[in-house]
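Worksheet: one structure, shown below.
The values are calculated or read from the model by the stated rules, or taken from the named source; none is laboratory data. From a predicted model like this one, the values you see are computed outputs, not experimental measurements. Backbone-built Cβ (ideal geometry, glycine too); neighbour counts: all protein chains shown.
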Amino acid sequence: MESQHVPNSAQMERALHPRMTKRTFWKDKATGKDYVRETTTESMVLLAESYNKKGDQFPTAPRKEVKFLDVSDRTASVKLIADEWIDYTHLVKLNGVWKIINVLWQYNDSSRHQ
């Protein structure tokens, strides 16, 4: 999240496992059917580079509340509560380094998933 607030693609790349997948549910406007939408590490790195370049995508003091749901020696589950969304994140410790491997997220207002 920090690497989106202050655009920093290198920081994003360091935090994510190369095979990370970020998922959410979405509603197809044409059919009205729900489906799962996926984002890759590569897409997140590109997003971190460009999303907030003008500094206008987040509030001046954005909400960033992190709750550790479970931590073991090499796996962890974390909940991030931000201004407009919630991330449920899984981390894995490989070769002594923690990396984000999975993210499931939704907007606080789930009607925005269209």
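List of remarks:
- Checking Ala76 against (1) modelled with pLDDT of 95 or more; (2) surrounded by 15 or more Cβ atoms within 10 Å (Cβ to Cβ); (3) within 19 Å of His113 (Cα to Cα), the condition it does not meet: (3)
- Hits in the range 32-71 (condition: modelled with pLDDT under 90, among the polar types (S, T, N, Q) and either surrounded by 13 or more Cβ atoms within 10 Å (Cβ to Cβ) or touching a strand residue (DSSP E or B) at 6+ places or on another chain (Cβ under 9 Å) (or both)): Asn52
- Just one of (1) of a type in the set (A, V, I, L, M, F, W, C); (2) more than 21 Å from Arg19 (Cα to Cα); (3) out of contact with any strand residue (DSSP E or B) (no Cβ under 6 Å at 6 or more places or on another chain) fails for Trp85. It is (3).
- Every test in (1) at pLDDT 95 or above; (2) surrounded by 11 or more Cβ atoms within 10 Å (Cβ to Cβ); (3) of a type outside the set (A, V, I, L, M, F, W, C) is passed by Asp83 save one, and that test is (1).
- Residue satisfying all of: in the range 86-104; surrounded by 17 or more Cβ atoms within 10 Å (Cβ to Cβ) and not charged (D, E, K, R); nearest to Gly32 (Cα to Cα) among these: Val103
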